[in-house]
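Below is one structure, written out as structure tokens; the observations come after it.
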Amino acid sequence: MSPLLTFDHTQRASRQSCKRQHFFRHILGIRKAAPDSPGFSFGTAFHKSSEVLDLTGDLELAMAHFRDLFNYPDDKIRTLGRARELLVAYQRFVLQKGWKFQTLSDSTMEVAFNEPLTERINYAGRCDRQFVDGSIGEWKTTYYLYNASGNPMSYLRQWWGHNSIRGYAWARKAPHVHVLGVGVYPQKQGKGGPPYPWVESLTVPIQEWETTQFIREVTEIGEELIADAERWGLTLGYEFEENQDKAFTHRLWEHFPTNTSRCYFNVNNPCQFIDLCVRDVPRGLVESYYVTDPFLPWLEEEEKGNGD
């Protein structure tokens with residue numbers, strides 16, 4: 001029996017943050033038709049190039065991948081030189097830690113999963129690394145890794161108890177999650193002092209009660225999504241254009257409350273759907289400024305597995 005719903009942490013967090021945001025992004029499958037940002041592009045390029053470095057040990061090959069993926073080579077801070085510094089620091093950090101990773105593919109270090117949570121719900125996602133001892137790793141890039149006191153833990157500790165970490169650990173049956181942080185901005189120790197290492201990590205133990213809570217919460221959220229879809233005649237994970245037709249014909253977004261406290265939660269990066277929430281959402285506005293591009297990374301993994 002196929003599950004009625006497959007979803008991941010991104011969808012789950014969106015639903016918990018704002019039901020209307022989730023409706024637009026994951027039920028209608030639309031997103032703002034805008035280019036990526038320097039920060040996102042740098043983070044994506046670093047993730048892939050660090051994979052290449054772990055797979056091959058070849059810094060020049062890793063930098064070649066970085067150059068291919070990074071779309072803002074003229075950025076004043078996120079430079080190719082800075083990328084090389086961070087990759088060297090990352091490689092040194094991994095060696096100092098004595099970390100050993102499982103290699104499940106010749107092309108990637110990431111570990112994808114799509115696991116049955118219940119008979120009706122699958123939970124999917126991907127981890128950045130799987131360690132030989134069964135632990136998993138999550139790699140994070142950020143602009144500032146260290147606070148004013150030179151402590152990276154204020155950044156890294158935000159992932160302690162984070163729902164994404166619990167989900168990854170549940171799927172991979174991992175006892176620990178190693179969160180690695182990489183600071184893009186070259187911060188220094190004091191005024192004119194030596195630079196910080198730029199790479200730090202925190203090991204997060206996973207407790208049994210956290211796994212139990214994860215299963216309970218995700219099951220409840222998933223059943224809410226299934227009930228909403230059945231109530232309004234929508235599909236989950238496919239037929240996005242048909243969902244859009246139904247939504248605009250029957251003004252279905254009105255039945256999914258918006259959490260206005262989240263619209264400008266990040267002043268410099270407001271919710272991409274704020275234009276739709278502060279207007280009457282005519283279809284022309286969506287067609288002019290949004291594109292259909294659903295976020296279904298587990299299907300990408302299935303296509304790779306099928307050789308497509």
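Here are some notes:
- ALA34 being part of a helix (DSSP H, G or I) and among the aliphatic types (A, V, I, L, M): no
- Residue selected from the range 139-188 under the condition touching a Pro at 6+ places or on another chain (Cβ under 9 Å) and within 30 Å of THR219 (Cβ to Cβ), by the criterion surrounded by the fewest Cβ atoms within 10 Å (Cβ to Cβ): PRO175
- Summed over the range 234-244, the residues that are in contact with a helix residue (DSSP H, G or I) (Cβ under 6 Å, 6 or more places away or on another chain) and of a type in the set (Gly, Ala, Ser) give a count of 0.
- Restricted to the range 191-236, and to residues there that are in contact (Cβ under 8 Å) with a residue 24 or more places away in the chain and farther than 30 Å from SER135 by Cβ, the residue that is surrounded by the most Cβ atoms within 10 Å (Cβ to Cβ) is LEU225.
- Scanning the range 237-249 for residues that are touching a residue at least 12 places away in the same chain (Cβ under 8 Å) and either exposed (fewer than 12 other Cβ atoms within 10 Å of the Cβ) or part of a helix (DSSP H, G or I) (or both) yields PHE240, GLU241, ASN243, GLN244, LYS246, ALA247, PHE248.
- Condition check for LEU156: among the hydrophobic types (A, V, I, L, M, F, W, C), more than 30 Å from ILE27 (Cβ to Cβ) and in a strand (DSSP E or B): no
- For the range 15-33, filtering for residues that are under 18 Å from the mean Cα position of the chain (by Cα) and surrounded by fewer than 19 Cβ atoms within 10 Å (Cβ to Cβ) leaves 4.
- Residue check: ASN122 meets all listed conditions (1) assigned to a strand (DSSP E or B); (2) out of contact with any Ser or Thr (no Cβ under 6 Å at 6 or more places or on another chain) but one, namely (2).
- Residue selected from the range 202-225 under the condition out of contact with any helix residue (DSSP H, G or I) (no Cβ under 7 Å at 6 or more places or on another chain) and not in a helix (DSSP H, G or I), by the criterion nearest to ASN122 (Cα to Cα): GLN207
- Checklist (1) surrounded by fewer than 17 Cβ atoms within 10 Å (Cβ to Cβ); (2) touching a helix residue (DSSP H, G or I) at 6+ places or on another chain (Cβ under 7 Å); (3) not aromatic (Phe, Trp, Tyr) applied to GLY98, failing item: (2)
- Scanning the range 93-116 for residues being free of Cβ contacts under 8 Å to residues at least 24 places away in the same chain and more than 21 Å from the chain's Cα centre (by Cα) gives a total of 3.
- Here ALA45 passes the criteria (1) in contact with a Ser or Thr (Cβ under 6 Å, 6 or more places away or on another chain); (2) assigned to a helix (DSSP H, G or I) except the one numbered (1).
- Whichever residue in the range 286-302 is among the hydrophobic types (A, V, I, L, M, F, W, C) and at pLDDT 90 or above and, among such residues, is surrounded by the most Cβ atoms within 10 Å (Cβ to Cβ): VAL286
- Residue match in the range 254-277 (condition: surrounded by 14 or more Cβ atoms within 10 Å (Cβ to Cβ) and more than 25 Å from the chain's Cα centre (by Cα)): yes
- Here ASP75, ASP58, ASP68 are screened, and the one residue that is among the charged types (D, E, K, R) and in contact (Cβ under 8 Å) with a residue 24 or more places away in the chain is ASP75.
Residue by residue, here is whether (1) in contact with a Leu (Cβ under 6 Å, 6 or more places away or on another chain); (2) part of a helix (DSSP H, G or I) holds:
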{"residue": "VAL52", "(1), (2)": "yes, yes"}
{"residue": "ARG82", "(1), (2)": "no, yes"}
{"residue": "THR118", "(1), (2)": "no, no"}
{"residue": "TRP139", "(1), (2)": "yes, no"}
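The values are calculated or read from the model by the stated rules, or taken from the named source; none is laboratory data. All of these numbers come straight from a predicted model, not from anything done at the bench. Glycine also receives a Cβ, built like all others from the backbone with ideal geometry; neighbour counts cover every protein chain displayed.
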